[in-house]
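Asks: This is the structure, below, for whatever I ask next.
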Amino acid sequence: MNSRITGLPLAALFVGLIFPLQIMAACQASGLQIQVLGSGGPGASSGRASSGYLLWLNGQSKVLIDAGGGTKTVFHQSGASVADIELIAMSHFHPDHSADLPAILWPAGAAFSLAGPEGSELFPSIASWARLLFEAGGAFAVLEGRLEYSLLEVESGGATVTTIWSNGELEVTGIGVPHGDVPTIGYRVDYGEFSVAFSSDQNGSNEAFVEFIKDVDYLVIHMAGNENSTGVIASLHAKPTVWGQMATASNAGHVIVSHIATSDQNQLDENLSILAANYGGPVTVASDLMCVDVR
Ligand SMILES: [Zn+2]
Ligand SMILES: [Zn+2]
């Protein structure tokens, strides 16, 4: 294993030695933190919850990005409050990114902004998805009277950067990313001089995304493809080489590897080695509940 690659529980000792403050600090502190709710992908994923992230600002869980299967449990383990959530930003409507949102919102309900991709022939827009779930006649219409949300559909073509939400401290922007035929959005969060980007699932072929994430302090990537992936997988997911090149080209300060779909440790180690051969900065392997202190 490359000494720059750390993770939990894979290399808890290394984490303690190399990044004691950034990675082990508790969320709910002052400033901005990223908390990983789900570091897995679809399928077994070694028991990891599917994709989801919280952004904590000054002790409050302000932003939820994705809510894949299993994230409801981790959300409550984290101590997050549904009432504190001001923005929910969905990357796309594969179940490993979206299936637990009704469970997180039930039964308390909440008021929030809701962002996500525009629709296509195959996938609903964020507005249609919310209507099919939460409004009269929807699968979870029982939540209708408990939710108050304003919708923002984000262009998924990949050239346009959309300003999504700001509370005066955090600013969230989005851009379409290429994920096969699935309308998908990658997100960036700026907080003063600090910044974080979430790649979402993508194959890495949108050069505008590299510009979009330029100079971020932390880049969260979704490692679902292997170097020899072909066909549908290759159209959906970037290879480790491509992730490394993207992180280098964007001058990312630190890469967090998430959406770990494989349950094969040897495969993960191989992917991490290839990533490290293409990116010289620090790399951390995500784990569920991990908290990263951005500042
Ligand atoms: Zn996924
Ligand atoms: Zn996906």
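Bear in mind that the values in this text are calculations on the coordinates, not laboratory data. The shown structure was predicted, so the numbers you read here are calculated from the model rather than taken from an experiment. Using ideal geometry, Cβ is built from the backbone for each residue, glycine included, and neighbour counts are taken over all protein chains shown.
Asks: Got a sec to turn the phi values of segment 111-118 into Karplus ³J(HN,Hα) couplings, 6.51 cos²θ - 1.76 cosθ + 1.60 with θ = phi - 60°, whole Hz, x for Gly and Pro?
Replies: Karplus values, whole Hz, x for Gly and Pro: 10, 6, 8, 10, 10, x, x, 5.
Asks: Alpha carbon centre of segment 103-158 versus segment 236-281: separation in Å?
Replies: Going from one Cα centre to the other spans 32 Å.
Asks: Take the Cβ-Cβ distance between residue 135 and residue 277 as r, set R0 to 51 Å, and report the resulting FRET efficiency rounded to the nearest 0.05.
Replies: The pair residue 135/residue 277 has a calculated efficiency of 0.55.
Asks: Against the globular-protein guess of 2.2 N^0.38 Å, express the Cα radius of gyration of segment 230-279 as a ratio, rounded to two decimals.
Replies: Cα-based Rg divided by the globular estimate yields 1.15.
Asks: Then there is this: Once phi is turned into θ = phi - 60°, what whole-Hz ³J(HN,Hα) does the Karplus curve with 6.51, -1.76 and 1.60 give for every residue of segment 277-291, x standing for Gly and Pro?
Replies: 6, 10, 8, x, x, x, 10, 10, 7, 5, 9, 4, 5, 4, 10
Asks: What does the convex hull of the alpha-carbon atoms of the chain project to on average, in nm²?
Replies: Mean projected area of the Cα convex hull: 13.6 nm².
Asks: Could you order the peptides 221-231, 27-37, 149-159 from most to least packed, using the average number of other C-beta atoms within 10 Å per residue?
Replies: Result, highest mean first: 27-37, 221-231, 149-159.
Asks: Reachable lysines from residue 62, Cα under 26 Å, same-chain residues fewer than 8 places away excluded?
Replies: Output for residue 62: 72, 214.
Asks: Below 8 Å, C-alpha to C-alpha, sequence gap of six or more: please give me the relative contact order for the chain in percent.
Replies: For the chain, the relative contact order is 20 percent.
Asks: Run the paramagnetic zone check for residue 120: 7 angstrom along Cα to Cβ, then residues of segment 166-206 with backbone nitrogen under 15 Å.
Replies: Under cut-off, by backbone N: 176-186, 201-206.
Asks: Add +1 for every Lys or Arg and -1 for every Asp or Glu among the other residues with Cβ under 14 Å from the Cβ of residue 116, and state the total.
Replies: Details: positive: 131; negative: 66, 118, 153, 155, 201.
Residues close to residue 116 contribute a combined charge of -4.
Asks: Using the Kirkwood formula on the Cα atoms of segment 148-273, what hydrodynamic radius do you get, in angstrom to one decimal?
Replies: On the way: mean 1/r = 0.0667 Å⁻¹.
Kirkwood radius, segment 148-273: 15.0 Å.
Asks: Now a separate question. Hey, what does the equivalent ellipsoid look like for segment 58-144, semi-axes from the Cα gyration tensor as sqrt of 5 times each eigenvalue, largest first, whole Å? Walk me through the numbers on the way to the answer.
Replies: Working: eigenvalues 88, 41, 30 Å².
Semi-axis lengths for segment 58-144 are 21, 14, 12 Å.
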